[in-house]
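K.L.:
Submitted below is the structure of interest, expressed as structure tokens.
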Amino acid sequence: MIRYLTAGESHGSSLTAILEGIPAGLSVREDDINIDLARRQIGYGRGQRMGIEKDMGKITSGVRWGKTIGAPITLVIQNREWEKWKAEMSISPQYEGKGIRLNRPRPGHADLAGAIKYNQRDIRNILERASARETACRVAVGAVAKCLLKEFGIKVISHVTEIGGIRIGVQNLTPEDVYRRAEVSDLRCIDDNAEREMKVKIDEAKAGGDSLGGIFEIVVTGVPIGLGTYTQW
């Protein structure tokens, strides 16, 4: 069974993922991981943090001479922002009580529920982990999984179909055409006209201090029929 575990805080020194169950002999390079980490940080209307971090994944175990060895694979991603947050995120107790606690939970986040569940008076202990920054680990783990899927001719394609109520009008494209169009789009949108309207919506939302919802589609090709089962989830 393949499984993974992630650790690390948004403004801590680094993020770590441990991936278990990858068979020995699979070709995996750090470049495979870094390509997808770079893709995670692009996109029109991206957040400020995306422009600060330049994520580079480092493999520290489970791979030797470019091949997996069957042992757990450890992936580490450094946080550049750590330099500015050494006091707030220090593991040493010397900074405790220095007036850098947070006690106001953000609406719509895990802050309040997490603080109650884990009996924490400092909201930072919750929000640092309940952060989208953690998804960098998931991207790194997914990049290794893609290396395995590639061995079986399985390819994963994604593209945006709607943002802020603006939907694409292009239909009946082959997966290859969808991939080609999405790769050259700032929004991974395969419809040029819709993309222009989406960007206008994004600019308006950004100017108003708001955000937009959207829909994306994932297409997976090469998967054999009958993989998995409907009898259990």
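Please treat every number below as a calculation from the coordinates, not as lab data. Not measured: the values here are computed from a predicted model. FYI the Cβ positions are ideal-geometry reconstructions off the backbone, even for glycines, and counts take in every protein chain you see.
K.L.:
Positive end of the dipole of the chain, charges at C-beta (+1 Lys, Arg; -1 Asp, Glu), about the Cα centre: which of Ala136, Leu227, Gly208 has its Cα farthest in that direction?
P.N.:
Highest projection toward the positive end goes to Ala136.
K.L.:
Would you work out if segment 89-219 is rounded, prolate or oblate? Take a ≥ b ≥ c from the square roots of the eigenvalues of the alpha-carbon gyration tensor; rounded if a/c is under 1.5, else prolate when a/b is larger than b/c, oblate otherwise.
P.N.:
The shape class here is oblate.
K.L.:
Please report the relative contact order for segment 154-233, taking Cα pairs under 8 Å with a sequence separation of at least 6, and give it as a percent rounded to a whole number.
P.N.:
For segment 154-233, the relative contact order is 47 percent.
K.L.:
Mean residue ellipticity at 222 nm from the helices of the chain, using -39,500 (n - 2.57) per DSSP H segment of n ≥ 4 over the full residue count, to the nearest 500 deg cm²/dmol?
P.N.:
Helix contribution divided over all residues of the chain: -8500 deg cm²/dmol.
K.L.:
For Ile42, what charge total do you get from the other residues with a beta carbon under 10 Å from its beta carbon, if Lys and Arg give +1 and Asp and Glu give -1?
P.N.:
So the surrounding residues net to +3.
K.L.:
What does the convex hull of the alpha-carbon atoms of the chain project to on average, in nm²?
P.N.:
Dividing the Cα hull surface by four gives the mean projection, 16.4 nm².
K.L.:
So what are the radius of gyration and Dmax for the Cα set of segment 154-233, in Å?
P.N.:
Expressed in Å, the Cα Rg and Dmax of segment 154-233 come to 15.6, 48.
K.L.:
Which of Lys58/Lys150; Lys86/Lys206; Lys84/Lys146; Lys54/Lys86; Lys54/Lys146; Lys98/Lys206 have a Cα-Cα distance over 23 Å?
P.N.:
Lys86/Lys206; Lys84/Lys146; Lys98/Lys206
K.L.:
Work through the residues other than Ile33 whose Cβ is under 10 Å from its Cβ and net out their charges, Lys, Arg +1 and Asp, Glu -1.
P.N.:
The answer is -2.
K.L.:
With θ taken as phi - 60° and the coefficients 6.51, -1.76 and 1.60, list the Karplus ³J(HN,Hα) couplings across segment 162-174 in order, rounded to whole Hz; mark glycine and proline as x.
P.N.:
Karplus-based 3J(HN,Hα) across segment 162-174 equals 7, 9, x, x, 8, 10, 6, x, 6, 9, 6, 8, 6 Hz.
K.L.:
Under 12 Å from the Cα of Lys155, which aspartates and glutamates turn up, not counting those fewer than eight places away in the same chain?
P.N.:
Leaving aside aspartates and glutamates fewer than 8 places away in the same chain, those within reach of Lys155 are Glu176.
K.L.:
I would also like to ask the following. Give me the dipole magnitude in Debye, nearest 20, for segment 1-85 about the Cα centre, with unit charges on the beta carbon: positive for Lys and Arg, negative for Asp and Glu.
P.N.:
100
K.L.:
Over the chain, what relative contact order in percent results from Cα pairs under 8 Å that are six or more residues apart?
P.N.:
So the answer I get is 21 percent.
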